[in-house]
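Worksheet: the structure to be examined is printed underneath.
Please treat every number below as a calculation from the coordinates, not as lab data. Because the structure is a prediction, the values reported are computed rather than measured. Backbone-built Cβ (ideal geometry, glycine too); neighbour counts: all protein chains shown.
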Amino acid sequence: MCGICGLYGFSEPLPRLDRMQRALIHRGPDSEGQYYDGQIALGIRRLAIIDLKTGEQPIYNEDHSVVVVFNGEIYNYQELASELVAKGHRFVTHTDTETIVHAYEEYGPDCVQHLRGMFAFAVWDRKTQKLFLARDRFGIKPLYFWQTGSQLAFASEVRALLAGEVTPRSLSQSGLKSYLAYGAVQEPLTLVDGVYSLLPGQTLTLGHGRISIQRYWAPPHQQSGATDRDLPEIQREVCRLLSQSVAQHLLSDVPLGVFLSGGMDSGTVVGLMSQAVREPVRSFTIHFRETEFDESRAAIATAEYWKTQQTTVLLTGDEILHDLPQAVAAMDQPTVDGVNSWYVSRAARRGGVKVALSGLGGDELFGGYPTFREIPWMERAGALLCHGPLLLRRMGASVTGRLLGKNDVAAKLDAFLRDDTYFPHPYYVHRVLFTPARCEELLRARHRNGSVAAAWRRKVADDLDHAAFYDAVGAISYLELRNYLLCTLLRDADCMSMAHSLELRVPMLDHELVEYVIRVPGRLKVTGKRAKPLLVGAMKGILLPGRRYEKRPFTFPWRAWLSTSLRSQLEKTFSDHESALDSALDHPSVAAVWNRFLAGQTSWARPWALYVLERWIARHLG
């Protein structure tokens, strides 16, 4: 796990590169390296995980005509190295990074098809004078770029590009609008004008002044024709793929641990880890005094069952207040949902591990969210409403608004019935933070409302086209993987774990596992009887016998804390007419969000999202 950066086409690039590397030191405190050759400069900050002795980067091929800087892990690197040696390639290290160099030599841009893991890397081909960037299939590892004319800069974090002064510190209005809509900036946008994210499963090639972006992976289109009779075989295959993935994710030359909640995803990972290793697994859990959010009792039961070396950390509102500047400063882009990852990552690093596994991706893959039950209902209702006149839908919205009052559910339903949404699928209404009408209020005085960014629209259109190949459950899985998981959960997990120089791995997002499960008919994954029945059936003997698992989001008691420990902090920010937020949004509308929260008319997420946004703008664009 590392932080990478680079510059193409800049004169005297090394001072810029130095600043970019310093901005990434938390991602790679163990060592640094550079490559410079005329128009290309590459930088790396390394967190040493595999091959501690000879794995320093950059890494080259035999004649130094190909060089790579790499962030991530290639879990099939040993098998891939054997294949490449058989084809005549010579290895001088024992690190997974070197497999990328020789795979690029052998297969060119198609090298990504041979990689199983999480990755973002840059290859410079001196013979062809081409720069090749690639990102893994799910976007587990980030990769941002800025490009104009014949110049290009890239980095693992947006703030590294700002540190290199390759782009003005200008707020992206499109990125801002997407952040307000979903509580996290939606890819490929960022909050900085001109800076974009390379999307999951994409490569970027730049040579001779021309840039080309290609998509190299998407889940297979074909829905499986499996029936209920095939369920035992499907469960066995899911068990095999999950066991294989977890085993591969244990490759490491440094201590490993696991994030443990009370749910079945982390319970699955803990169980499979415990079966695969001899020594006790190190597990880490966050504990709250607020019992409705606390999963520590269930987590401890799992830890005791598998005899893990368990660490349980109590977290209070007063501690949050003390740590707030550090936690918010760790965000590369603002997010409504990242502080939880910051704390559990800190607990793991303090507990002596350098790598941690997580159950992220299980809900998206196995149908664990309410979206899997609620969106099909919304689709059916929408189909009926769309046949009625707009006036009738608006009358319905008016009636439901009076019945439900002024709350978040009413606002979303109003937007749905009025067809006042950004995109033509109820998934985007269900996941919205501020509805389009609320966004318009927040943006009104700054005259910054307008159409949704073309890059964001293209990505959504592509997502919807691909989702249409699946049944209702498979479609929602795909949309969750490409939106909420990508733009919120994975970005937060990467950024907040790396803030503590901790590598986080997600075995539920092995691409062979995802390709198999997403094609399984939805009726075998989502039923009215129990949560995630396919995973439960596949993990008999792994999940605790007799436990009735219920879906509980890993979230903090924010409503209570924002009303007590953190209240004065937020009130001070929202009352300040000279705050960074006031330069971006309409002040009375921001204050109204806070007042609605105090009146119980909106959730904690909305004022918290605005507070985090203000802190980020002040720190990075002020």
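You can think of it this way: the chain between L52 and E571 has 182.0 nm of extra reach, that is 0.36 nm per residue less the Cα-Cα gap.
All other residues whose Cβ lies under 11 angstrom from that of D471 are scored, Lys and Arg at +1 and Asp and Glu at -1, for a net of +3.
The simple spin-label model puts a point 7 Å past each Cα toward its Cβ; for H221 and R380 those points are separated by 2.8 nm.
Computed over the alpha carbons of the range 116-242, Rg followed by Dmax gives 19.0, 60 Å. Based on the convex hull around the alpha carbon atoms, the range 525-587 presents an average projected area of 8.3 nm². Across all C-alpha atoms in the range 483-601, the radius of gyration and Dmax reach 21.1, 58 Å. Put simply, the Cα atoms of the range 557-622 extend 31, 21, 16 Å along their principal axes, the longest span coming first.
Packing order of peptides 567-573, 133-139, 373-379, highest average first: 133-139, 373-379, 567-573 (average count of other Cβ atoms within 10 Å over each peptide's residues). Share of pairwise Cα-Cα distances greater than 36 Å in the chain is 37 percent (whole percent). Modelled this way, with points 7 Å down the Cα-to-C-beta line, the labels at R236 and R457 are 5.1 nm from one another. Near G338, once Lys and Arg are set to +1 and Asp and Glu to -1 for all other residues with Cβ below 11 Å from its Cβ, the sum equals -3.
Rounded to two decimals, the Cα-based Rg/Rh of the range 505-559, with Kirkwood Rh, is 1.02. Each label point was placed 7 Å from the Cα along the Cα-to-Cβ direction; for T316 and S563 their separation is 1.9 nm. Does the range 1-81 classify as rounded, prolate or oblate by the C-alpha gyration tensor (a ≥ b ≥ c root eigenvalues; a/c under 1.5 gives rounded; else a/b over b/c gives prolate, otherwise oblate)? Oblate shape, in that a/c is at least 1.5 and b/c is the bigger or equal ratio.
Couplings for the range 158-169, taken from phi via the Karplus curve 6.51 cos²θ - 1.76 cosθ + 1.60 with θ = phi - 60°, read 4, 5, 5, 5, 5, 5, x, 6, 8, 9, x, 7 Hz in order; Gly and Pro are left as x.
At an R0 of 51 angstrom, the distance between the Cβ atoms of E578 and I25 translates into a FRET efficiency of 0.95. Cβ-Cβ distance of D228 and R278, R₀ of 30 Å, FRET efficiency by 1/(1 + (r/R0)^6): the value works out to about 0.15. Once the C-beta distance of N76 and D110 is scaled by a Förster radius of 22 Å, the resulting FRET efficiency is 0.90 to the nearest 0.05.
Scoring 50-63, 332-345 by mean Cβ neighbours within 10 Å over their residues and listing the highest first yields 332-345, 50-63. Peptides 519-528, 197-206 ranked from most to least packed by the mean count of surrounding Cβ atoms within 10 Å: 197-206, 519-528. Can you give the relative contact order of the range 2-215 as a percent, counting alpha carbon pairs under 8 Å and 6+ residues apart? 19 percent. Estimated from helices alone, the mean residue ellipticity of the chain at 222 nm is -12500 deg cm²/dmol (sum of -39500 (n - 2.57) over DSSP H runs with n ≥ 4, per residue). Taken over the range 2-215, the percentage of Cα pairs per 5 Å bin, counting from 0 up to the bin with the maximum distance, is 1, 8, 16, 20, 21, 17, 10, 5, 2, 1, 0.
Under a model in which nothing but the beta-carbon of Lys, Arg (+1) and Asp, Glu (-1) is charged, the range 557-622 shows a dipole of about 320 debye around its Cα centre.
Computed on the chain, with alpha-carbon pairs under 8 angstrom and 6+ residues apart, the relative contact order is 16 percent. Pairs with C-alpha atoms separated by more than 21 Å, drawn from the list K177/K412; K53/K307; K141/K540; K141/K459; K307/K525; K412/K529, are K53/K307; K141/K540; K307/K525; K412/K529.
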